[in-house]
1. Do you know which of the residues in the range 10-24 that are more than 16 Å from the chain's Cα centre (by Cα) and open to solvent by less than 60 Å² (accessible area, probe 1.4 Å) is nearest to S71 (Cα to Cα)?
2. Of (1) open to solvent by less than 40 Å² (accessible area, probe 1.4 Å); (2) farther than 18 Å from T117 by Cβ; (3) under 13 Å from the mean Cα position of the chain (by Cα), F32 satisfies all except one. Which?
3. What are the residues in the range 79-123 that are surrounded by 18 or more Cβ atoms within 10 Å (Cβ to Cβ), of a type in the set (S, T, Y) and assigned to a strand (DSSP E or B), if any?
4. Condition (residue is in contact with a Ser or Thr (Cβ under 6 Å, 6 or more places away or on another chain) and within 17 Å of T104 (Cβ to Cβ)) applied to the range 71-93: is it met by at least one residue?
5. Which of (1) in contact with a helix residue (DSSP H, G or I) (Cβ under 8 Å, 6 or more places away or on another chain); (2) closer than 23 Å to V103 by Cβ does M83 not meet, given it meets every other one?
6. Any idea which of V12, V2, V34, V24 is farther than 22 Å from Y60 by Cβ and not acidic (D, E)?
7. Under the condition of being part of a strand (DSSP E or B) and of a type outside the set (D, E, K, R), which residue from the range 65-78 is surrounded by the most Cβ atoms within 10 Å (Cβ to Cβ)?
Amino acid sequence: QVQLVESGGGLVQAGGSLRLSCVVSGHTLSDFSVGWFRQAPGKERRLVAAIHRRGTMTRYADSVKGRFTISKDDSKSTAYLQMNSLEPGDTAVYYCSAHSDYVTLTSGSARYWGLGTLVTVSS
C-alpha cells in the first residue's frame, strides 16, 4: 500500500523559508512523478510544483516561480519543496501527490495523496 506523509509545515514570518518533505512508502519513488498542491481556506486545491519521475521536467505555478524549488531523492524515498521568500498569500494546507504519469499528476488526478501539512505565513 502506497503512503505519502508530509512534514515541515508551520508558522513563519513573511520573507522566511520552509522546506516541506514528503516520504513515500510502499513503492519505489523512482516510478512516480511528484507534485505539491495547496489549498487555502475557501479556495480550490491548486498545483504549486511538479517534478517528472526522472527529474527531467519541473513545473511551477506562476505565483511561486523563482521562490519555490521542487526536488526528489529516490534513494531516500523523499520529495521536497523548498519555499523561500514566503508571503502571506502562501498560507495554505500543502499536499504531496504521486502518480506514474506526469500529465495525470499535474491535472490534479494523482492516485496517491498525503494528508497535508499546514503552512501559515504571518505578515
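The values are calculated or read from the model by the stated rules, or taken from the named source; none is laboratory data. Keep in mind that what you see is a predicted model, and the values were worked out from it rather than measured. Here the Cβ positions follow ideal geometry from the backbone for every residue, glycine too, while neighbour counts run over all protein chains shown. In case anyone asks, the SASA skips ligands and DNA or RNA and just uses the protein heavy atoms, side chains included. Shrake-Rupley method; radii C 1.70, N 1.55, O 1.52, S 1.80 Å.
1. First pass over the range 10-24, keeping only residues more than 16 Å from the chain's Cα centre (by Cα): 11-16.
From the residues that got through so far, the ones that are open to solvent by less than 60 Å² (accessible area, probe 1.4 Å) too are 12, 14-16.
Working: V12: 21, A14: 23, G15: 21, G16: 19 Å.
Among them, the one singled out is G16.
2. F32 satisfies all of (1) open to solvent by less than 40 Å² (accessible area, probe 1.4 Å); (2) farther than 18 Å from T117 by Cβ; (3) under 13 Å from the mean Cα position of the chain (by Cα) except (3).
3. Y80, Y94, Y95, S97, Y112, T117
4. No, the range 71-93 contains no residue that is in contact with a Ser or Thr (Cβ under 6 Å, 6 or more places away or on another chain) and within 17 Å of T104 (Cβ to Cβ).
5. The single condition M83 does not satisfy is (2).
6. One residue alone meets the criteria, V2.
7. I70
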